[in-house]
Amino acid sequence: NKYVAEPYKVKMVEPLRILSKEEREKAIKKAGYNTFLLDSSDVYIDLLTDSGTNAMSDRQWAGLMMGDEAYAGSRNWYHLEKTVQEIMGFKHVVPTHQGRGAENLLSQILVRPGTYIPGNMYFTTTRAHQELNGGTFVDVIIDEAHISDREDVPFKGNIDLKKYESLIKKVGAENIPYICVGVTVNLAGGQPVSMKNLKEVYELSHKYGIRVMFDCTRYVENAYFIKEREEGYKDKSIAEIVKEMFSYADGATMSGKKDGIVNIGGFLAMNEEELYQKATALVVVYEGMPSYGGMSGRDMEAFSIGLKEALDDHYIKHRVEQVKYLGDKLIEGGIPIVKPIGGHAVFLDARKFLPHIPQSQYPAQALAAEIYIESGVRTMERGNVSAGRNKEGKEYFPKLELVRLTIPRRVYSYAHLDYVAEAVINTYERKNQIKGLKFTYEPPVLRFFTGKFEPI
Ligand code: F0G
């Protein structure tokens, strides 16, 4: 079999509109060459993100009808709390409207000026919250993660224990409130962390009295890679692997919009009593009561059901293998992509795709705009624009200059993915005509969301 068939069938469809090339040229110009600013109705296949764009099951939709919209003590909240406790094994759960809501609470409670937060590569919103609270993010991922074609490294998301320990020795464990471990690592290309590494990070952290907080946004995808690639796990269920993963964490932030298979939702979870108390005190300021945290009762019900569905071995196999199907097609077509192929997306290497455009002219941003013009497929820049500027106002110029083709869960067919592959290959054939970009409007933080550009 060339691909894994769907473990679901279609019950409802959403018609799509296909614009002409001239209309697409106008639309992207109006959007300032930023795919975030396109109208969704101008997009044919939307691979901007897998966040909140998933198809819910009939069970989840039925759950929406069971919403208990009480201001306090909603039964859907108790369902969500119990589900998280059972799946992850954490004692306490604090609901938030999405992942960054949890990052905000955690950062406000634990991050102070003069503190350092190590992590396996940054994520945009995660680092923004750490920095807004005066902290400094330090990348302690293995070097190979920054090299796009190190196909031989099965767990490119791993923490480099030497880098981590030397940071501890340099700044002092008392100045490191926690280490943030992303499972999987989005910006490295959806790359997983091995169980062995998770265990070692936990042991090293506890030796120095440092908390381990997972960013567990895509934890089920990480578990699938452990099952496939790590010795001793092939006969374990995804649920068992997940349980073991979380035994090496003191807490976690979660965006339910990914592996929760919902459109909105998130939480902060932990074992520590004091941290829990502080989080419940803060959540009422920013999100809502500790029994809804920015979600409606029906959202929490769909989220609880989604969390359980995501642990199904057939579901997760199809999900990750579907992403690989697209990646393999692109490799066959000679397109430079990040290898190995990650769990939620295929990442194009824009430096290799457009070697004539310097990083200061945002090749990944330019490529995302061109793919849209070519095909109506919407992708996302994950390079210099996303990385932004440091405290001194200098651009980061990250090693990885990527365009992300993110696959929503249970949404697109293999025929859609064939269309996408063809679109990218056609763009590659006329790559020499593609020009760099410059900012016409640059927002001060998270500039990739609303920044505008024009061709040079
Ligand atoms: N952590 C990771 C690894 C993420 O990928 C995201 C969101 C967040 C935290 C924040 O969660 O959006 O619910 O507030 N990633 C989306 C993406 C936006 O497209 O990759 P959120």
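The values are calculated or read from the model by the stated rules, or taken from the named source; none is laboratory data. Small disclaimer: the values here were computed from a predicted structure and weren't measured. Cβ placement follows ideal geometry from the backbone for every residue including glycine, while neighbour counts extend to all protein chains displayed. With ligands, DNA and RNA removed, areas are computed over all heavy atoms of the protein, side chains included. Shrake-Rupley method; radii C 1.70, N 1.55, O 1.52, S 1.80 Å.
In the chain, the DSSP-assigned H stretches of four residues or longer account for a calculated mean residue ellipticity at 222 nm of -12000 deg cm²/dmol, using -39500 (n - 2.57) per stretch and the full residue count as denominator. The listed peptides 367-373, 436-442, ordered by packing as a protection proxy, come out as 367-373, 436-442 (highest mean of other Cβ atoms within 10 Å first).
Amide H to amide H distances under 5 Å link Phe214 with Val181, Asp250, Gly251, Ala252, Thr253, where only residues 5 or more positions off or on other chains count and H is placed in the peptide plane. Taking amide H as placed 1.01 Å from N in the peptide plane, Ser148 has no amide H partner under 5 Å among residues 5 or more places away or on another chain. Ranked from largest, the principal axis spans of the Cα set of region 199-350 equal 53, 41, 35 Å. Rounded to the nearest 20, the Cβ-based charge dipole of region 27-85 about its Cα centre (Lys and Arg +1, Asp and Glu -1) stands at 80 debye.
What the Kirkwood sum gives for region 289-368 is a hydrodynamic radius of 15.8 Å, with every pair of different alpha carbons counted. Per-peptide packing, taken as the mean over residues of other Cβ atoms within 10 Å, places 347-354, 73-80 in the sequence 347-354, 73-80 from highest down.
A convex hull fitted to the Cα coordinates of region 1-44 yields 135 cubic angstrom per residue. Over the C-alpha trace of the chain, radius of gyration and Dmax come out as 21.1, 61 angstrom. A 1.4 Å probe run over the protein chains yields, for the chain, 41 Å² of accessible area per residue, whole-number rounding. Between Asn426 and Ser40, the contour length at 0.36 nm per residue exceeds the alpha carbon distance by 136.7 nm.
Packing here is the average count of other Cβ atoms within 10 Å per residue, and on that basis the peptides 122-134, 253-265, 53-65, highest first, run 253-265, 122-134, 53-65.
Past 32 Å, Cα to Cα, is the threshold; run Lys9/Lys227; Lys199/Lys452; Lys2/Lys30; Lys170/Lys308; Lys2/Lys26 against it and keep the listed order.
Values: Lys9/Lys227 26 Å; Lys199/Lys452 43 Å; Lys2/Lys30 40 Å; Lys170/Lys308 42 Å; Lys2/Lys26 38 Å.
With Cα atoms farther than 32 Å apart: Lys199/Lys452; Lys2/Lys30; Lys170/Lys308; Lys2/Lys26.
Using a simple spin-label model with pseudo-atoms 7 Å out from Cα toward Cβ, Ser237 and Tyr286 lie 3.5 nm apart. Think of each Lys and Arg Cβ as +1 and each Asp and Glu Cβ as -1; about the Cα centre, that makes the dipole of the chain roughly 660 debye. Selection among Tyr164, Asn197, Gly251 by position relative to the dipole of the chain gives Tyr164 as farthest towards the positive end (Cβ unit charges, Cα centre).
Ranking Tyr71, Tyr33, Gly294 by Cα position along the charge dipole of the chain, where only Lys, Arg, Asp and Glu carry charges on their C-beta atoms, puts Tyr33 farthest toward the positive end. Cross-link reach is defined here as a Cα-Cα straight distance under 16 Å, omitting same-chain residues fewer than 8 places apart; for Lys339 the lysines meeting it are Lys156, Lys324, Lys329, Lys352, Lys399.
With the convex hull drawn over the C-alpha atoms of region 1-102, the volume per residue is 209 Å³.
Of all the accessible heavy-atom surface of region 234-341, with the other protein chains kept in place and a 1.4 Å probe, what percent is carbon and sulfur?
It is 50 percent, rounded to a whole number.
Mind putting a number on the dipole of region 116-243 about its Cα centre? Charges go on the C-beta only, +1 for Lys and Arg and -1 for Asp and Glu, and I need it in Debye to the nearest 20.
On the way: 17 positive and 19 negative charges, 70 e Å.
For region 116-243, the charge dipole is close to 340 debye.
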